[in-house]
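A quick write-up on the structure given underneath.
The values are calculated or read from the model by the stated rules, or taken from the named source; none is laboratory data. From a predicted model like this one, the values you see are computed outputs, not experimental measurements. Glycine gets a Cβ as well: all are built from the backbone with ideal geometry, and neighbour counts include every protein chain shown.
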Amino acid sequence: MNDVSILYLSGRDVESIGLGVGDTIASIEDALREKYFRRVEMPPKPGIHPEEDAFIHAMPAYIPKIGAAGIKWIAGYPQNPDRGLPYITGLLVLNDPRTGLPTCIMDARWITAKRTGAVTAISAKHLAKEGSEVVGVIGCGVQGKSNLEALASVFHTIRKVKAYDVVEAKLKQYIKFVGECYGFETVCAKTPREVVEGSDIIVTATPILKKPSAIAHFRWVEEGGLVCPIEFDSYWDSDTFIGPDKLYTDDIQQLEYYKTVGRFFGVNRVEGELSELVAGARVGRVNDKERITIVNLGLALADMAVAKAIYDNAVKKNIGTVLTY
């Protein structure tokens, strides 16, 4: 049998492609429309949990429209920063849909960060108040930055960012980053409550924990607020998921699965999916008083859509290392 070639893209290679936030958002919106019309294949993601509060998930998806088929093997280890390692690590493999042969292996960290922020921004386009001005961020790491970047590209009305992190040095670095990159007014919050109260859009980017800690409370969310928890139900109290005027998710099937393993206790009403909003099948926010929660659990189709764009650009620009096997 002849040797088969595969393109390897390191983290630096992936980042050097220069895929902009606008292109990332557009790619994911297109994939979400395909999801709504049931033109994608994406089973619920299985996972293993080698250490307490750690996970390694397999995320496969196929998007026929763009010829994107593959899987992301992604890990989250809250203990890693203490070891000098990133919390999120992983690889993404793309396959040729016609032959099944792997065509590309790439580092998944950049994609995970950017697509998560993009999905938050897409959610906010439909569910946040028009003219939202104040963004609250709890968790000032990679996701804190990528989510703000995407939100700022969609909401040109943002004027203030309130932030909180348990690590003071990380919080100060984030506040400096926001001021230098965006020029927004910044608030270095002393408590999570200070972030939540008065914010139009609240993003919590903290570790996913096996046992929810309920540090943030939904009663702090003011009229018109949109809550975007990235860490499932780890950080917020149960009222955040059973008490809002509307609860949306990126995938009802996955949400139902997580309920069977003890998460999202008491949730029995979901307004709809993000794909329905993007396709125009549902209207999201209808007034400035609604308090809404969007539970984005992470869609493999978003990873594949962005990965395919990166791969196509890498081939055009001759970026990466060709391997044979």
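Any idea which of R282, R263 is of a type in the set (D, E, K, R) and touching a His at 6+ places or on another chain (Cβ under 9 Å)? Please lay out each step first, then the result.
On the way: R263 fails: touching a His at 6+ places or on another chain (Cβ under 9 Å).
Exactly one of R282, R263 is of a type in the set (D, E, K, R) and touching a His at 6+ places or on another chain (Cβ under 9 Å), namely R282.
Quick one: is Y235 touching a strand residue (DSSP E or B) at 6+ places or on another chain (Cβ under 7 Å) and either aromatic (F, W, Y) or loosely packed, with under 15 Cβ neighbours inside 10 Å (or both)?
Values: touching a strand residue (DSSP E or B) at 6+ places or on another chain (Cβ under 7 Å): yes; either aromatic (F, W, Y) or loosely packed, with under 15 Cβ neighbours inside 10 Å (or both): yes.
The answer is yes for Y235.
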task: With the condition kept exactly as written, say whether any residue in the stretch 289-309 is in a loop (DSSP other than H, G, I, E, B), assigned by TED's automatic domain parsing to the domain that holds A205 and surrounded by fewer than 17 Cβ atoms within 10 Å (Cβ to Cβ).
output: yes
- prompt: Among the listed residues S153, S146, which satisfies the condition of being surrounded by fewer than 19 Cβ atoms within 10 Å (Cβ to Cβ) and either within 16 Å of the chain's Cα centre (by Cα) or closer than 22 Å to A307 by Cβ (or both)?
  reply: S153
- prompt: Within the set of pairs 6 or more residues apart or between chains, which connect a residue that is modelled with pLDDT of 95 or more inside the stretch 206-218 to a residue that is assigned to a helix (DSSP H, G or I) and among the aromatic types (F, W, Y) with Cβ atoms less than 9 Å apart?
  reply: F218/F241
- prompt: For K190, all conditions in the list (1) closer than 28 Å to M42 by Cα; (2) assigned to a loop (DSSP other than H, G, I, E, B); (3) among the basic types (K, R) hold save one; what is the number of the exception?
  reply: (1)
task: Scan the stretch 1-47 for residues that are under 18 Å from the mean Cα position of the chain (by Cα), of a type in the set (A, V, I, L, M) and outside any loop (DSSP other than H, G, I, E, B) and jot them down.
output: V14, V21, I25, A26, I28, A31, L32
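Mind checking whether some residue in the stretch 127-141 is touching a strand residue (DSSP E or B) at 6+ places or on another chain (Cβ under 8 Å), assigned to a strand (DSSP E or B), free of Cβ contacts under 8 Å to residues at least 40 places away in the same chain and over 23 Å from M304 (Cβ atoms)?
To start, the set of residues in the stretch 127-141 that are touching a strand residue (DSSP E or B) at 6+ places or on another chain (Cβ under 8 Å) comprises 127-129, 132-140.
Then drop every residue that is not assigned to a strand (DSSP E or B), which leaves 134-138.
Now restrict to residues that are free of Cβ contacts under 8 Å to residues at least 40 places away in the same chain: none.
Looking for residues that are touching a strand residue (DSSP E or B) at 6+ places or on another chain (Cβ under 8 Å), assigned to a strand (DSSP E or B), free of Cβ contacts under 8 Å to residues at least 40 places away in the same chain and over 23 Å from M304 (Cβ atoms), one finds none in the stretch 127-141, hence no.
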task: Of the conditions (1) within 21 Å of T116 (Cα to Cα); (2) touching a strand residue (DSSP E or B) at 6+ places or on another chain (Cβ under 7 Å); (3) surrounded by fewer than 14 Cβ atoms within 10 Å (Cβ to Cβ), L101 clears all except one; give me its number.
output: (1)
query: more than 19 Å from A205 (Cβ to Cβ), β-branched (V, I, T), in contact with a helix residue (DSSP H, G or I) (Cβ under 8 Å, 6 or more places away or on another chain) and assigned to a loop (DSSP other than H, G, I, E, B): does that describe V270?
result: yes
task: Output the number of residues of the stretch 55-84 satisfying the condition of being at pLDDT 95 or above, closer than 19 Å to I208 by Cα and assigned to a loop (DSSP other than H, G, I, E, B).
output: 1
- request: Within the stretch 149-180, work out how many residues are among the hydrophobic types (A, V, I, L, M, F, W, C), in contact (Cβ under 8 Å) with a residue 12 or more places away in the chain and part of a helix (DSSP H, G or I).
  value: 8
query: Are there any pairs, at least 6 apart or on different chains, whose C-beta atoms fall under 7 Å, with the first in the stretch 31-46 and over 10 Å from I63 (Cα atoms) and the second surrounded by fewer than 17 Cβ atoms within 10 Å (Cβ to Cβ), and if so, which?
result: R33/A279; Y36/A279; Y36/A281; P44/Q253; P44/Y257; K45/A58; P46/A58
